[in-house]
Structure formats: structure tokens, C-alpha cells
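Notes for the one structure printed next.
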Amino acid sequence: MEHEHLIELIRTIPDFPKPGIFYRDITTLLKDKDGLRLAVDAMAKSFKSVEIDVVAGVEARGFILGAPIAIALDCGFVPVRKEGKLPGDVISENYQLEYGEATIEVHRDAVSKTDRVLVIDDVLATGGTMEATCGLLENIGATISGICILVELSILAGRRRLEPHRIESIIRYND
């Protein structure tokens, strides 16, 4: 498997946050300098040939991965934040979580109608956060050039909510 070393660096915590769930903890990968570089390089490589003006990273681990990916792709970075974290004029999107509702925001002028955006996050589960992020950026007028995820939890089928966008994940878990 191409990314076996990355899989080895991801800690699995059983029964978190509730019984029957296998939590995929990437903090162990992030603290490994070679693992972090390999993850960023793999994610950036997936979109090297795509025209991208800006990378949008979803709070919080999407920031950690998104900023170096933006540098690798020679473009800017936009943070997509939880509600109430950005100063100035923002646009918001509400979405459902497994356990309630949440809101994400971005500055209204963070992207323009001509921007082609690559959206980055660490994990794709049910797809609610990523669907809301794409909707938020599209509401401003930007085009989503792609979505790149470090870890996809395939069994939760989040990918289906994001069609027809191009989605690349580096690691997929089927359990």
C-alpha cells in the first residue's frame, strides 16, 4: 500500500467518543516530521495539475494541513472557522452533526467569484462539515476545484454528499 507508513502513524482509539466507534487520531502523525511531510506532499500531489487560486482549510486540523498545501501549490490560504471566531464581515452556513447543529463561517471577501478553491480537512466522516464548507464558498461565488482529505471513513459514506465534486483521500478506512 502506497501510504502504509502514514497508516502506521495514525493512532486508533476504540470506543471514542462512544462505544463501537474507532476514532482515528492523526495527532500522532502530525508530531512525526517525516509523516507530516509525507501527508502534506501526498495531498498536494493529488492536485498539482489542477488550477487552484486558494486553499480553504476547515478548522482546526484543516488549518494544519491546508497552509503547507497552499504553499506547495503556490496559492493563498483561507481559514474556514467555527462561528464567532472571525472578526469583520462574515458569511455563515449551518449544518447538522451527529449530535446536534453547528455553524461555520468565512470572511465575505475571503474568496471571489473567479477563485478556484481546493478544500482541505483531516477526516471525512458523514460529510456534513465538508458539504457546508463547499456550500459556503459557492454561495460567495467561488468554484470548488476539489476536496482533499487525509483520512476518509468510507463506511459513513460522506463522499456521496459531496458529489459531483472531485474528492481525493489519501487513506481510507472501511471499518
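The values are calculated or read from the model by the stated rules, or taken from the named source; none is laboratory data. Computed from a predicted model, the values in this text were never measured in an experiment. Positions of Cβ are generated from backbone atoms using ideal geometry, with glycine treated the same way; all protein chains shown enter the neighbour counts. These accessible areas exclude ligands, DNA and RNA; they are computed on the full protein's heavy atoms, side chains included. Shrake-Rupley method; radii C 1.70, N 1.55, O 1.52, S 1.80 Å.
Note that the range 1-98 presents 59 Å² accessible area per residue, ligands and nucleic acids not counted, probe 1.4 Å. Computed over protein heavy atoms with a 1.4 Å probe, the carbon and sulfur contribution to the accessible area of the chain reaches 50%.
A viscosity of 1.567 mPa s and a temperature of 4 °C, combined with the Kirkwood radius over C-alpha pairs in the Stokes-Einstein formula, give the chain a diffusion coefficient of 79 µm²/s.
Quote the FRET efficiency, to the nearest 0.05, computed for ASP25 versus LEU97 with a Förster distance R0 of 22 Å and r equal to the Cβ-Cβ distance. The calculated FRET efficiency here is 0.70. Charged neighbours of GLY135, selected by a Cβ distance under 13 Å, balance to -3 (K, R count +1; D, E count -1).
Neighbours of VAL40 by Cβ distance under 13 Å: Lys/Arg scored +1, Asp/Glu scored -1, total +1. Other residues within the sphere of radius under 12 Å centred on the Cβ of ILE144, judged by their own Cβ, net out at -3 (K and R +1, D and E -1). For the chain, the mean residue ellipticity at 222 nm estimated from helices alone is -8000 deg cm²/dmol, where every DSSP H run of n ≥ 4 contributes -39500 (n - 2.57) and the total is divided by all residues, rounded to the nearest 500.
Extension gain, ALA60 to ARG172: 0.36 nm times the residue separation minus the Cα-Cα distance gives 38.3 nm.
Packing, as the average of other Cβ atoms within 10 Å across residues, places the peptides 150-159, 5-14 in the order 150-159, 5-14, highest first. When the alpha carbon coordinates of the range 95-175 are projected onto the principal axes, the ranges are 39, 28, 19 Å, largest first.
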